[in-house]
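**Student:** Would you mind keeping the following structure in view while I ask a few things?
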Amino acid sequence: MSDQFKVGSKVRITNAYPPGHIRTPFFLRGKEGLIIRHFGKYPNPERLAYGLNGLPKLNLYQVLFDMETTWRGDGSFAAKDTLTADIYETWLELV
Amino acid sequence: MKNRLISDIGGLPEGPLDLSEHEPTMTERRIDAMMMLLRAKPRSFWASDENRRTIESLEPETYKKAEYYEKWVLAMKELLIEKAILTEAEIESKLKEVRSRMEPS
Amino acid sequence: MTENSGPHGGHDHSHNDFQPDIKEPTENWEFLEIALRELLVDKGVLSAREIQDEIEAWEKKSPEKGAEIVAKAWVDEEFKVRLLEDANQTIREFGIEVEVLKMVALENTPELHHVVVCTLCSCYPRPILGVPPLWYKSKQYRSRVIREPRAVLQEFGTKLSDDTEIRVVDSTADCRYLVIPTRPVGTEKMTETELAKLITRDSMIGTAQARDPIGKRS
């Protein structure tokens, strides 16, 4: 299951708003981006936050987003500008 | 309901930056040092994510007003109680003693 | 902040501005720090010596360390490639051991300029840059730079061409980012030690460029 994402995969951040400690920024939920780097596997922070061991480890990816689309043109950026966030596999869906 | 953590603020409207430099006070340095020691090996009392979760769970009014290291020391207190390293009663009683010792009467 | 703000310097500063370290605690949380520390020391959970050592260890971590690493990356292509590929392994050569966290170096070029932020808390590459500045932890920076990078960089006096892609890197997880700023022109003959002086903390966060060398011909 963890092999479904690769560098170059187009992904959507899950459009969900669960309670509890989360490391996926609110502004990215439901947004589309591109995986540009795979960092390996890391303990799940949503479990670590409650004193659990964070296992199983999750694949962590750097995902690139276009500023223009992410903010629907509302911000201070140039056409080429981008942003990235580091997202665990459980928050990603293939587009 | 769309839950949004109080600390998750990317993209919200805010005013200009204050770029002045600040030399950390001794209180701030000690809070930082204690936090690192309690979290690091060999103690590993809690993970940094537990720290974050505790800070995010402070009363919203407290969270908004508190300074940076004030949030840290409040979280440290909660986690020390949660992990049964200290009790709330002994912290309160120590706090009284410290105040009566240090505050000008 | 005025430059000459000594004890008798500016008129608009209160006495407290100059002595933050020796003032008596007045806030609840300052008393709480004392109470927790005394309890932890009394119970043998921590020792006063350890706390002092930790403070001293922290003071040794400063942007100068990062500047040494970046200066080497500027002059040594092979080192830079290794740093970009595996920063944890490569910074060991500078005596910096980082476990758990993944250190990641990002190279700025005339085409691509990285700026680092943590919109969720205040993650910062402390092993390399020391303690973050207050503005890095402020809600103003954390809210705005991800959406208004050009306006925010302007507040730092940093202006980039629209042809340069600004990439705001939100360190939302286990990675801690170090920016390798673009090497200024006119520095070809400078030594690594001289170059390191051009590499500021802010240039390694990405809110500024490296300093221009003094006496540079334009």
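**Student:** Looking only at segment C:75-97, count every residue that is in contact with a strand residue (DSSP E or B) (Cβ under 7 Å, 6 or more places away or on another chain) and open to solvent by 40 Å² or more (accessible area, probe 1.4 Å) and tell me the total.
**Tutor:** Total meeting the criteria: 1.
**Student:** Further, regarding this structure: How about segment C:157-166: which of its residues are over 13 Å from A:Leu83 (Cα atoms) and within 7 Å of another protein chain (Cβ to nearest Cβ)?
**Tutor:** Initial filter on segment C:157-166 (over 13 Å from A:Leu83 (Cα atoms)): C:157-164.
The one that is over 13 Å from A:Leu83 (Cα atoms) and within 7 Å of another protein chain (Cβ to nearest Cβ): C:Asp162.
**Student:** If I filter segment A:44-76 down to residues being among the aromatic types (Phe, Trp, Tyr) and surrounded by 15 or more Cβ atoms within 10 Å (Cβ to Cβ), which single residue comes out as farthest from the chain's Cα centre (by Cα)?
**Tutor:** Residue satisfying both the conditions and the ranking: A:Trp71.
**Student:** Being more than 28 Å from A:Arg23 (Cβ to Cβ) and in contact with a Leu (Cβ under 6 Å, 6 or more places away or on another chain) narrows it down to one of C:Ala210, C:Ala196, so name that one. Full working, then the answer.
**Tutor:** On the way: C:Ala196 fails: in contact with a Leu (Cβ under 6 Å, 6 or more places away or on another chain).
The conditions single out C:Ala210.
**Student:** Just one of (1) facing another protein chain (nearest Cβ under 8 Å); (2) of a type outside the set (D, E, K, R); (3) not in a loop (DSSP other than H, G, I, E, B) trips up B:Leu19, so point out which.
**Tutor:** (3)
**Student:** Something else now. Report every pair of residues separated by at least 6 positions or lying on different chains whose Cβ atoms are under 6 Å apart, first residue within segment A:10-27 and at the interface with chain B (Cβ under 8 Å from one of its Cβ atoms), second loosely packed, with under 13 Cβ neighbours inside 10 Å.
**Tutor:** Filtered contacts from segment A:10-27: A:Tyr17/B:Lys2; A:Tyr17/B:Asn3; A:Pro19/B:Asn3.
**Student:** Filter segment C:190-211 for residues that are among the charged types (D, E, K, R) and either touching a helix residue (DSSP H, G or I) at 6+ places or on another chain (Cβ under 8 Å) or modelled with pLDDT under 95 (or both); which is nearest to C:Leu106 (Cα to Cα)?
**Tutor:** Initial filter on segment C:190-211 (among the charged types (D, E, K, R)): C:192, C:194, C:197, C:201-202, C:211.
Then keep just the ones that are either touching a helix residue (DSSP H, G or I) at 6+ places or on another chain (Cβ under 8 Å) or modelled with pLDDT under 95 (or both); that gives C:192, C:197, C:201, C:211.
On the way: C:Glu192: 19, C:Lys197: 20, C:Arg201: 15, C:Arg211: 18 Å.
Filtering segment C:190-211 for residues that are among the charged types (D, E, K, R) and either touching a helix residue (DSSP H, G or I) at 6+ places or on another chain (Cβ under 8 Å) or modelled with pLDDT under 95 (or both), the one nearest to C:Leu106 (Cα to Cα) comes out as C:Arg201.
**Student:** Can you find a residue in segment B:42-58 that is at the interface with another protein chain (Cβ under 10 Å from one of its Cβ atoms), open to solvent by 20 Å² or more (accessible area, probe 1.4 Å) and either within 13 Å of C:Leu32 (Cα to Cα) or touching an Asp or Glu at 6+ places or on another chain (Cβ under 6 Å) (or both)?
**Tutor:** Initially, segment B:42-58 is screened for residues at the interface with another protein chain (Cβ under 10 Å from one of its Cβ atoms), giving B:43, B:45-57.
If we keep only those that are open to solvent by 20 Å² or more (accessible area, probe 1.4 Å) too, we end up with B:43, B:45, B:47-48, B:52-53, B:55-57.
Then keep just the ones that are either within 13 Å of C:Leu32 (Cα to Cα) or touching an Asp or Glu at 6+ places or on another chain (Cβ under 6 Å) (or both); that gives none.
No, segment B:42-58 has no match at all.
**Student:** Got at least one residue in segment C:98-113 being open to solvent by less than 50 Å² (accessible area, probe 1.4 Å), within 13 Å of the chain's Cα centre (by Cα) and more than 14 Å from C:Tyr177 (Cα to Cα)? Spell out the reasoning first.
**Tutor:** Step one: list which residues in segment C:98-113 are open to solvent by less than 50 Å² (accessible area, probe 1.4 Å), which gives C:98, C:102-106, C:108-109, C:112-113.
With within 13 Å of the chain's Cα centre (by Cα) added as a condition, the list becomes none.
Checked segment C:98-113: no residue is open to solvent by less than 50 Å² (accessible area, probe 1.4 Å), within 13 Å of the chain's Cα centre (by Cα) and more than 14 Å from C:Tyr177 (Cα to Cα).
**Student:** Taking the options A:Ala85, A:Ala79, name whichever one is aliphatic (A, V, I, L, M), within 11 Å of chain C (Cβ to nearest Cβ) and open to solvent by 80 Å² or more (accessible area, probe 1.4 Å).
**Tutor:** Working: A:Ala85 fails: open to solvent by 80 Å² or more (accessible area, probe 1.4 Å).
Result of the check over A:Ala85, A:Ala79: A:Ala79.
**Student:** Can you pull out every residue in segment C:132-156 that is touching a residue at least 24 places away in the same chain (Cβ under 8 Å) and either within 14 Å of chain A (Cβ to nearest Cβ) or polar (S, T, N, Q) (or both)?
**Tutor:** C:Tyr141, C:Arg142, C:Ser143, C:Val145, C:Ile146, C:Pro149, C:Val152, C:Leu153, C:Phe156, listed by residue number.
The values are calculated or read from the model by the stated rules, or taken from the named source; none is laboratory data. Note that this is a predicted model, so its numbers are computed, not measured. Note that we place each Cβ from the backbone using ideal geometry, even for glycine, and neighbour counts take in every protein chain shown. All accessible areas refer to the heavy atoms of the entire protein, side chains included, with ligands and DNA or RNA removed. Shrake-Rupley method; radii C 1.70, N 1.55, O 1.52, S 1.80 Å.
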